[in-house]
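J.: Here it is, the structure in full.
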Amino acid sequence: MPDRIADIWGGRTPFARGTAWPVRVDQKLAEGVSESEVERWVVSACTLCSNGCALDIAVKDGRMVGVRGRARDAVNHGRLGPKGLFGSWQGMQGGDRLTTPLIRGADGELVETDWDTAMGRIVEKSRALLEEKGPLSHGFYTSGQLFLEEYYALAIIGKAGIGTPHMDGNTRLCTATAAAALKESFGSDGQPGCYEDIDECDAIALYGHNVAETQTVLWARILDRLAGPDRPQLICVDPRETEVARLADVHLAIHPGTNLALMNGLVRELFEHDWIDHAYVDAHTVGVDELRAAVAPWDPESVAQVCGVAADDVRRAAEIIGTSERLLSTVLQGFYQASHATASSCQVNNLHLLRGLLGKPGCGILQMNGQPTAQNARETGADGDLPGFRNWENEQHVAELARLWGVEPAKIPHWAPPTHAMQIFRYAEQGSIGFLWVSATNPAVSMPESPRIRAILGRPELFLVVQDLYLTETAMLADVVLPAAGWGEKQGAFTNADRTVHLSDKAVEPPGQARSDLEIFLDYARRMDFRRDDGAPLLDWSSPEDGFRAWQECSRGKLCDYSGLSYEKLRAGGVRWPCNDEHPDGTARLYTDAVFRTGMDVAETYGHDLLTGASVPPDTYSAMRVDGRAILKPAGYTSPHEVPGEDYPLRFTTGRTAYQFHTRTRTARARQLDRAAPRAWVELAVPDASALGIREGDLVRVTSPRGELVVPARVGEVRPGTVFAPFHYGYWQGGKAGPGEQPTAANELTITEWDPVSKQPIFKVAAVRVEKVAGGSAPAPAPTTTASRPAEPDGVPVTVGGAEAEAEERLQTAGMARS
């Protein structure tokens, strides 16, 4: 059996364009457990990246003892990546799980208590603040890892129970720009393409998307196309020599923060060479003249000067984009977490619109998500938007929600844009928010400029509630900690990055007194006595399926229509929304008719200026007469928020590794994953390391105007002038280093700035300096199997998992029905 730590993507199964991706079922069982001993297999899907790979959970003696990929599912065709094979189930079973509620005692320490006492304290504080200050005293900060039903319950509580606009999630950190770019170009959130576009395309462009590590199974699918008889051409935009870059026909290793200059140059080349579908543009878009004028200055030489790449590489990439008959484009954090995030991502949309490559097999756009259930946070309004892709400026949309929830429209906050995460923490810092409820996320590590965030969370004036699986750095600062049930311990639906909805059934009981997030939210609503105007309970659900049915009604007739789905239907496999009477088996691609959600009555937004973030007034939008056409939105380039200078001469950027997820709450508790990437590191280019006298494994200090981290150096294959750090690693001492310890969290250095439209923080662009602290006694703890590989491998142990990382791979020649 293969070592799936050493071989992240598993064996190759090449296939040709237009044929089915072969089925390969990956399986991992606990040591000493045979397949015949598994008592039952429970339907679920992996929640450790946004791919949403379908799997079954193996149960024996009331415990999860392994997983296997689901052969018939269109997302993964049976495959699982290392996080799915090892982290999904093992990460739930650490001996340090939270099992009882905690409250902060008179001595300032967290002590165990019962649910009545913990919830009583929350309700008492909540009621007091509502009485004293009103709804704006409350804020909610959630995750991209809950289930659909839980998000929807939270959205109803916040909007119709309390009436606060201060609601967002850590989806703001990973996927807000995906939603914003889709809204700006097409009028609504919702991915136009699907994963099957990999099977049908003849070119793939990946913009700031290290798919080989962020979505390992999706990369396996691309690898199998690349190994097939009609290899698609590949474009990679990334400052590091990733696995994607190594196989790319064109690798554009641009300076972090210069994405928009590159994109304007690529769009200009389409105009310059007349690689335009004029009939499509004339019939189905607006704004082409404004776009042409905006990109006119960006010839390849100008792009090369700003971005630090060869002009001929820009020309070659543009030629592939401009001449391919079937182009798939994907976008992720390299664009989303950088300067001009929405503007750059919209230019990817513009490339497809100019060529008329939408709504057809192989012609997809995937403005990717970074988290497994981020799509549901956006759909249900737990990220602050209105549920069902409704427009907070459209009074009819607000009235629809009011009727569904049985409250007056005035109760639902819609007098101003929803409060984004960075502003929520600012209000908590200023004191106007006195009650903050954090669920299933760890902002003490994951937010930018983390010293500031820790200080905010630790303010005595802030009443902090945290519900999670483990005592995270954030939970250590809480006034009340609620033990939550996690994946495999509760039931619910969730939707991946290409709109595929899966059901996760309950496999085992949660430990101790832990409760599902849905149970916790419903208990809070009951204790607060939130009611509809007719006196009935605001939330009268008694099960997750009640919540799913309520969501079906909320989504009925909207783009994200779930009305044709059911738990029973989802147990047979994932289904893409919209799923309804018209599309009973779901919908592979949006906009096949080239009619977009830009009409005044359906648009989720009336748009923004991409450089300032200024909103377009409804009257102005109406006068544009968009009427179902897509919008070709331009933006002029300006320099990043922070650029290198004399004191801080290098560019700092952050990212992920294939073996860890977020702040490692689950993946650090899977032995195979933890051993593969156990501690933090930074990556330096060979010439930069040489100039600084730094060798592989040396201890270095990286300093920005906001903080520092002290970690071993990997001398690797990042572009010269750039320093890379994985963001997963933080403190376990409640927000400060212990005796003799050094800071290791990448977000000690990042800036408190955000994109003007999506409000997504800028994690990819900061100015730093690097200095050697001490010589190293061993190589850096970075993996050698990924983009973190050493430039000089001699003397660096190869990353392997050994016997406990072996997993079964079974090839199948039949049984996969194409969707």
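The values are calculated or read from the model by the stated rules, or taken from the named source; none is laboratory data. Note that the structure is a prediction, hence the values are computed from the model and not measured. Here Cβ is always computed from backbone atoms with ideal geometry, including for glycine, and neighbour counts include all displayed protein chains.
J.: What do you reckon, is residue 257 of a type outside the set (Asp, Glu), in a loop (DSSP other than H, G, I, E, B) and closer than 18 Å to residue 346 by Cα?
T.: On the way: of a type outside the set (Asp, Glu): yes; in a loop (DSSP other than H, G, I, E, B): yes; closer than 18 Å to residue 346 by Cα: yes.
Taking the combined requirement at face value, the residue satisfies it.
J.: Then there's this: In the list 713, 680, 658, which residue meets the criterion of being of a type in the set (Gly, Ala, Ser) and under 14 Å from residue 771 (Cα atoms)?
T.: Values: 680 fails: under 14 Å from residue 771 (Cα atoms); 658 fails: under 14 Å from residue 771 (Cα atoms).
The conditions single out 713.
J.: If you take just the strands (runs of 3 or more DSSP E) that sit entirely in segment 607-711, which of them hold at least 3 residues that are hydrophobic (A, V, I, L, M, F, W, C) and not assigned by TED's automatic domain parsing to the domain that holds residue 82? Show your work before the answer.
T.: Values: elements: 650-655, 682-685, 699-703.
So the answer is 682-685, 699-703.
J.: Return yes or no: is residue 106 at pLDDT below 95, over 23 Å from the mean Cα position of the chain (by Cα) and either surrounded by fewer than 16 Cβ atoms within 10 Å (Cβ to Cβ) or in the same structural domain as residue 213 (by TED's automatic domain parsing) (or both)? Full working, then the answer.
T.: Values: at pLDDT below 95: yes; over 23 Å from the mean Cα position of the chain (by Cα): yes; either surrounded by fewer than 16 Cβ atoms within 10 Å (Cβ to Cβ) or in the same structural domain as residue 213 (by TED's automatic domain parsing) (or both): yes.
So residue 106 passes the test.
J.: Go over the candidates 91, 52 one by one and state the one that is closer than 18 Å to residue 673 by Cα and under 24 Å from the mean Cα position of the chain (by Cα).
T.: Values: 52 fails: closer than 18 Å to residue 673 by Cα.
Matching residue, one of 91, 52: 91.
J.: Helices (runs of 4 or more DSSP H) wholly in segment 372-477 with at least 1 residues that are under 30 Å from residue 45 (Cβ atoms) and at pLDDT 95 or above - which ones? Outline the logic, then answer.
T.: Working: elements: 374-380, 395-405, 421-430, 443-446, 450-457.
Ranges flagged: 374-380, 395-405, 421-430, 443-446.
J.: Taking the condition in contact (Cβ under 8 Å) with a residue 60 or more places away in the chain, among the hydrophobic types (A, V, I, L, M, F, W, C) and surrounded by fewer than 24 Cβ atoms within 10 Å (Cβ to Cβ), does residue 43 pass? Before you say what the answer is, go through the steps one by one.
T.: Numbers: in contact (Cβ under 8 Å) with a residue 60 or more places away in the chain: yes; among the hydrophobic types (A, V, I, L, M, F, W, C): yes; surrounded by fewer than 24 Cβ atoms within 10 Å (Cβ to Cβ): yes.
For residue 43, the condition - in contact (Cβ under 8 Å) with a residue 60 or more places away in the chain, among the hydrophobic types (A, V, I, L, M, F, W, C) and surrounded by fewer than 24 Cβ atoms within 10 Å (Cβ to Cβ) - is met.
J.: Here's another thing I want to ask about it. Scanning segment 58-77 for residues that are β-branched (Val, Ile, Thr) and under 15 Å from residue 35 (Cβ atoms), which turns out surrounded by the fewest Cβ atoms within 10 Å (Cβ to Cβ)?
T.: Within segment 58-77, the subset β-branched (Val, Ile, Thr) is 59, 65, 67, 75.
With the extra rule that they be under 15 Å from residue 35 (Cβ atoms), the set shrinks to 59, 65, 67.
Numbers: 59: 19, 65: 23, 67: 28.
For segment 58-77, the residue satisfying everything is 59.
J.: If you don't mind, another one. Looking only at segment 531-571, which residues are part of a loop (DSSP other than H, G, I, E, B) and touching a Pro at 6+ places or on another chain (Cβ under 7 Å)?
T.: Scanning segment 531-571 gives 559, 560, 561, 564.
J.: Here is a further query. Regarding residue 84, is this residue modelled with pLDDT of 95 or more, surrounded by 19 or more Cβ atoms within 10 Å (Cβ to Cβ) and part of a helix (DSSP H, G or I)? Full working, then the answer.
T.: Working: modelled with pLDDT of 95 or more: yes; surrounded by 19 or more Cβ atoms within 10 Å (Cβ to Cβ): yes; part of a helix (DSSP H, G or I): yes.
Taking the combined requirement at face value, the residue satisfies it.
J.: Can you pull out every residue in segment 308-331 that is in a helix (DSSP H, G or I) and without any contact (Cβ under 8 Å) to a residue 24 or more places away in the chain? Spell out the reasoning first.
T.: Going residue by residue through segment 308-331, those that are in a helix (DSSP H, G or I) are 311-323.
311, 312, listed by residue number.
J.: If you check every pair at least six apart or on different chains, which have Cβ atoms under 7 Å apart with a residue in segment 658-678 that is under 21 Å from residue 64 (Cα atoms) first and a residue that is of a type in the set (D, E, K, R) and surrounded by fewer than 24 Cβ atoms within 10 Å (Cβ to Cβ) second?
T.: 668/674; 671/804; 672/804
J.: Criterion first (closer than 23 Å to residue 603 by Cα and more than 25 Å from the chain's Cα centre (by Cα)) does residue 546 satisfy it? Spell out how you get there, then give the answer.
T.: On the way: closer than 23 Å to residue 603 by Cα: no; more than 25 Å from the chain's Cα centre (by Cα): yes.
Criteria not met by residue 546.
J.: Taking segment 666-685, which residues are over 23 Å from residue 643 (Cβ atoms) and surrounded by fewer than 24 Cβ atoms within 10 Å (Cβ to Cβ)? Even if it seems obvious, please write down each step before you answer.
T.: Here is the first cut: in segment 666-685, the residues over 23 Å from residue 643 (Cβ atoms) are 666-681.
Listed by number, the residues that qualify are 668, 669, 671, 674, 675, 678, 679, 680.
J.: Could you check, for segment 127-140, whether at least one of its residues is closer than 30 Å to residue 553 by Cβ, of a type in the set (Ser, Thr, Tyr), surrounded by 14 or more Cβ atoms within 10 Å (Cβ to Cβ) and touching a residue at least 24 places away in the same chain (Cβ under 8 Å)?
T.: no
J.: Would you be able to say whether some residue in segment 292-307 is of a type in the set (Phe, Trp, Tyr), at pLDDT 95 or above, assigned to a helix (DSSP H, G or I) and over 23 Å from residue 226 (Cβ atoms)? Quick ask: steps written out before the conclusion?
T.: Start the filter on segment 292-307 by keeping residues that are of a type in the set (Phe, Trp, Tyr), which leaves 298.
Now drop any that are not at pLDDT 95 or above, which leaves 298.
Cutting the leftovers down to assigned to a helix (DSSP H, G or I) gives us none.
Within segment 292-307, none of the residues are of a type in the set (Phe, Trp, Tyr), at pLDDT 95 or above, assigned to a helix (DSSP H, G or I) and over 23 Å from residue 226 (Cβ atoms).
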